[in-house]
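Working notes for the structure below.
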């Protein structure tokens, strides 16, 4: 395989009109010119079915302040790369900012930032959205009166065992952990949430390939936590946390995405404001992180980035400079080297490879 396709979610208030497609050349790390494959308002987060050529997108839209206009949409990925809509469902809340599926391909999930709620959907044999099987409203607040006045669900991911759904809530400073009923698809809280340091504002989560560790990036505090994950009990326990910013940085910055390299040796987090990707090494004997360094994203506001399945390249979308850059990953030390020319896409905020 010489290249791999990728899809790009965007905000459509400026140059963008929907979802775009590009290809990554695996020999050179270069990106093909983006092509719009579906016109859609604010498809700002995407997910790919684990076994089918189906893509799911949020549509972060409200009309007259009514949340029922926010939706999640399923698309069939055609042979020519275009997207053909399979149908949509209400997001079950306001401001859907994250979409994912379980590992079995039976359920899809949405985190609604505005309303602080999560939704789970059953999926049909062709990957179509069937019905909402769970819609749960988080309740509570935390210490920051401007940003944590109520719940703000920002991410929902299944764990490697596919038994639990972990919902990160920035407004609560918690990860609410749910068991998944495999007969009905419904979610039930374990009653044992991960509690972040107050005011940190956890945003996204990534699991280590060995299934024993998890990494939580905290948007408001620009910190990255390393945690143990126990799939037998569904509990997450913090080991330690480190800043994602250089020690001498005095400006304003917040974090966005966190990902683990497929080899499990490196963890990456993006800084919006410092406009960099922080590179950490990971010791699976101690569960601790160590800062390797920072790489400029060559643009403004790196909201999202993605590592290709081979672990050779990291692609960064700079939301406020309408660009995506490609970086070659050094497999020995995890460092990044920019390669090729960037591509131009209006307000890129999600990148997803097709498996």
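Only the coordinates and a few stated rules stand behind these numbers; no lab work does. Nothing here was measured: the structure is a model prediction, and the numbers come from that model. Positions of Cβ are backbone-derived with ideal geometry, glycine not excepted, and every protein chain shown enters the neighbour counts.
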Legend entry - Fluctuation leader among 118, 48, 136 - the chain, Gaussian network, Cα springs under 10 angstrom: 136
Legend entry - the stretch 108-238: C-alpha pair distances exceeding 23 Å, %: 30 percent
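Given a cut-off of under 8 Å on Cα pairs at least six residues apart, what relative contact order in percent is computed for the stretch 3-353?
Details: 1103 pairs, mean separation 43.2, N = 351.
Dividing the mean separation by the residue count of the stretch 3-353 yields 12 percent.
Would you kindly calculate the translational diffusion coefficient of the stretch 244-286, applying Stokes-Einstein with the Kirkwood radius from alpha carbon pairs, for 10 °C and a viscosity of 1.306 mPa s, and quote it in µm² s⁻¹ without decimals?
Details: Rh = 11.2 Å.
Calculated translational D: 141 µm²/s.
Assuming R0 = 25 Å, can you tell me the calculated FRET efficiency for the pair residue 139 and residue 230, based on Cβ-Cβ distance, to the nearest 0.05?
0.45
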Legend entry - Contour minus Cα-Cα distance for residue 284 and residue 186 (0.36 nm per residue): 32.0 nm
Legend entry - Paramagnetic reach from residue 296 in the stretch 311-347 [backbone N under 13 Å; point 7 Å along Cα→Cβ]: 338
Inset, instruction - Once you have the Cα-Cα distance between residue 240 and residue 103, take 0.36 nm times their residue separation minus that, and quote the gain in nm to one decimal. - result: 46.5 nm
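Output needed for the stretch 3-353: three equivalent-ellipsoid semi-axes, defined as square roots of 5 times the C-alpha gyration tensor eigenvalues, in descending order, whole Å.
Working: eigenvalues 139, 130, 78 Å².
Those come to 26, 26, 20 Å.
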Inset, instruction - Using a Gaussian network model of the chain whose springs link C-alpha atoms within less than 10 Å, name the residue from 289, 52, 129 with the highest mean-square fluctuation. - result: 52
Legend entry - Cβ crowding within 10 Å averaged over residues, with 228-237, 301-310 ranked highest first: 301-310, 228-237
Legend entry - Selected from 270, 296, 117 as most flexible by GNM, with the chain as the system and alpha-carbon contacts under 10 Å: 296
